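The values are calculated or read from the model by the stated rules, or taken from the named source; none is laboratory data. Keep in mind the model is a prediction, meaning the values are calculated, not measured. Cβ atoms come from the backbone with ideal geometry, glycine included; neighbour counts cover every protein chain shown. For the accessible areas, the whole protein counts, side chains as well, though only heavy atoms, and no ligand, DNA or RNA atoms are used. Shrake-Rupley method; radii C 1.70, N 1.55, O 1.52, S 1.80 Å.
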Amino acid sequence: MAALPALFGLLMAVVVTGQNLDITPREAVRRVGDDLTVLCKVPYPIDACRMTVGTTSYRLIPNNQEEEIVYAGQGLQHGECGAHIKHIKEEWNGNISCTLPPQTGQIEVIGTMRLLVAKAPANPQLISPPQPAFREGDGFMAQCIVPNGRPAAKITWYLDEVQLLAGIHQPVITSEPGSDLKTISQNVSRTLAPEDNGQKLVCRAEHEALDGPREAARQLVVHYPPKRLESGPITIFGLKLGGEGRLNVTIRANPAPTTEWTVGDLVLIPPRSNEDGSITALEPLHLGGGFYNVTLVLARVAKEDVERTYYLRVTNDLGREEFAVRLSTMDEPAARKSKTSYLIIDVYGVELETGAIVGIVIAVLILLIAIILVVFAKATGRWFFAGSRGRDHTKSSGESSDTESAAGQRSRLSALSARVRAVLPRGRDRVQATEPIPEVEDKALAEEKKGVVYAELALGDQNAEKPPPPSTEYAEIVYTDQPAPVKEAKE
């Protein structure tokens, strides 16, 4: 009974002290025959190094390197207890433990790591629906099972040589009670498309105990109605008038389609020709992968052949597709030879792609904007038209001022002449006059000028923001003192 408290105290000491132990690695997977190094370390010197592998305990001495399991580490004085296992055995699958007693005291530290001795799983199994063929749009699900591996195998899905990433479900790992062998299973789901027809669905299993991956596969068969490879009417280029013409149309269908050509009122079902053999419909040629080449042969291409439209109908059990085919003696445009998704427009025989069309539209818009700006600038006198408008305005203002000035002078002279005539003696007085008329006129003119005052009137409202109008009117204010001379004349 006294031993029980001592044993309990010893176990508690081991647990507490064991927290300072570092073991590397804590888990490892090795094949039979591989090597492994396990290192246990404490932060103080140790007295010995014991390692338990399988059911056998080994006391490892640093200087002894001849055994199957030998010491590894920098020495006991550094607190390292390591084991180098040269060749892994199947029966060593499980835990490997190390025991590190200190130099003083009786407390031993124990550490444990997990060794998985790899065991190859059985061959993978692919479970899928039993029907041999599917239709386009059907949902498809398959399951891959790789049983009894240690550890569990890794599953990867492929469609031919392309790895599948979409539709992959999480794997499920199970094991039998009392066994450390693992079975892994994983599902894949997919909506089938025409491109899946003829593809091989592959479940690939990889494992540490295998020299290479193992596979389970199933060929997919997908049925779908005839499909065209390009939209719209089809034009066959490069035909020569008077030469043989071949109208080749490539389609896709599964199962194999039947074809029917219509040329005017003539209907040809391959293999068949018209009465004179000038038009022959050939059987569809399978190119592989569900692609077929459908051909109509014209023995001699005539002008009327180029002007007409040929109609092709392709049918299988799931549907049909119709094509309109035209002929052309022109060479095939380069843009059509390389099939692209760009917009192509034919303008008088010249093909314009999206880039060229956008460039032309932008150039036209720039030209229209430039024209609008020029018209606006000329109309408003802005930018480079501002100087010429100022010069025109100055010139017109000068001419207007000169004209108005001349007109004002003429009006003043006329008024002055009228006043002079009013002052001169009448007819009966002119007969009696004895003094020269010029002197009287000069004197009267001088007298009149003394009584004339000139004033300039600027017409229109003045505005600080707008220049004054180029027009000025002149007015005369006239006053005369004539009573004395008139009275003398009357007397």
Query raised in the report: For the residue pair LEU164 and ILE360, what label-to-label distance in nm results when each label sits 7 Å from Cα along the Cα-to-beta-carbon direction?
Result: 4.9 nm
Query raised in the report: For segment 57-102, with every protein chain kept in place, what is the accessible area per residue (1.4 Å probe, Å²)?
Result: 50 Å²
Query raised in the report: What net charge is computed for the residues neighbouring GLU260, neighbours being all others with C-beta under 12 Å from the C-beta of GLU260, Lys and Arg scored +1, Asp and Glu -1?
Result: +1
Requested in this report: Bin width 10 Å, alpha-carbon pairs only: give the P(r) of segment 93-215 as whole percents, running from 0 to the bin holding the largest distance.
Outcome: 12, 33, 23, 14, 9, 6, 3, 1
Report summary line: Per the Cα gyration tensor, segment 21-65 corresponds to an equivalent ellipsoid with semi-axes, largest first in Å, of 21, 15, 10
Query raised in the report: How far is it, in nm, from the label point at GLN103 to the one at LEU229 when both lie 7 Å from their Cα along the line to the Cβ?
Result: 8.4 nm
Requested in this report: Add +1 for every Lys or Arg and -1 for every Asp or Glu among the other residues with Cβ under 14 Å from the Cβ of GLN125, and state the total.
Outcome: +2
Report task. Working from the alpha-carbon coordinates of segment 23-110, get Rg over Rh, Rh being the Kirkwood radius. Result -> 0.96
Requested in this report: Let me see the pair-distance distribution of segment 282-321: every alpha carbon pair, 10 Å bin width, integer percents in order.
Outcome: 21, 44, 26, 9
Query raised in the report: Rounded to the nearest 10 Å², what accessible area does VAL263 show when all protein chains are kept and the probe is 1.4 Å?
Result: 10 Å²
Query raised in the report: For the residue pair LEU266 and GLU206, what label-to-label distance in nm results when each label sits 7 Å from Cα along the Cα-to-beta-carbon direction?
Result: 6.1 nm
Report summary line: FRET efficiency (GLU283, GLU91; Cβ distance; R0 60 Å; to 0.05) is 0.30
Query raised in the report: Just the accessible area for HIS78, please: 1.4 Å probe, Å², rounded to the nearest 10?
Result: 100 Å²
Requested in this report: Within the set of other residues whose C-beta is less than 13 Å from the C-beta of PRO43, count the net charge using Lys and Arg as +1 and Asp and Glu as -1.
Outcome: -1
Query raised in the report: For segment 72-183, with the dipole built from +1 on Lys and Arg beta-carbon atoms and -1 on Asp and Glu ones, taken about the Cα centre, which of PRO129, MET141, GLY111 lies farthest toward the positive end?
Result: GLY111
**Report entry** Computed E for ASP331/ARG300 - FRET, C-beta separation, R0 25 angstrom, nearest 0.05
**Finding:** 0.80
Report summary line: Pairs over 21 Å Cα to Cα, from LYS89/LYS119; LYS240/LYS303; LYS119/LYS182; LYS41/LYS119; LYS86/LYS182; LYS89/LYS154, come to LYS41/LYS119; LYS86/LYS182; LYS89/LYS154
Query raised in the report: Hey, with R₀ at 51 Å, roughly what FRET efficiency would THR56 and MET141 work out to, going by the Cβ-Cβ distance, to 0.05?
Result: 0.55
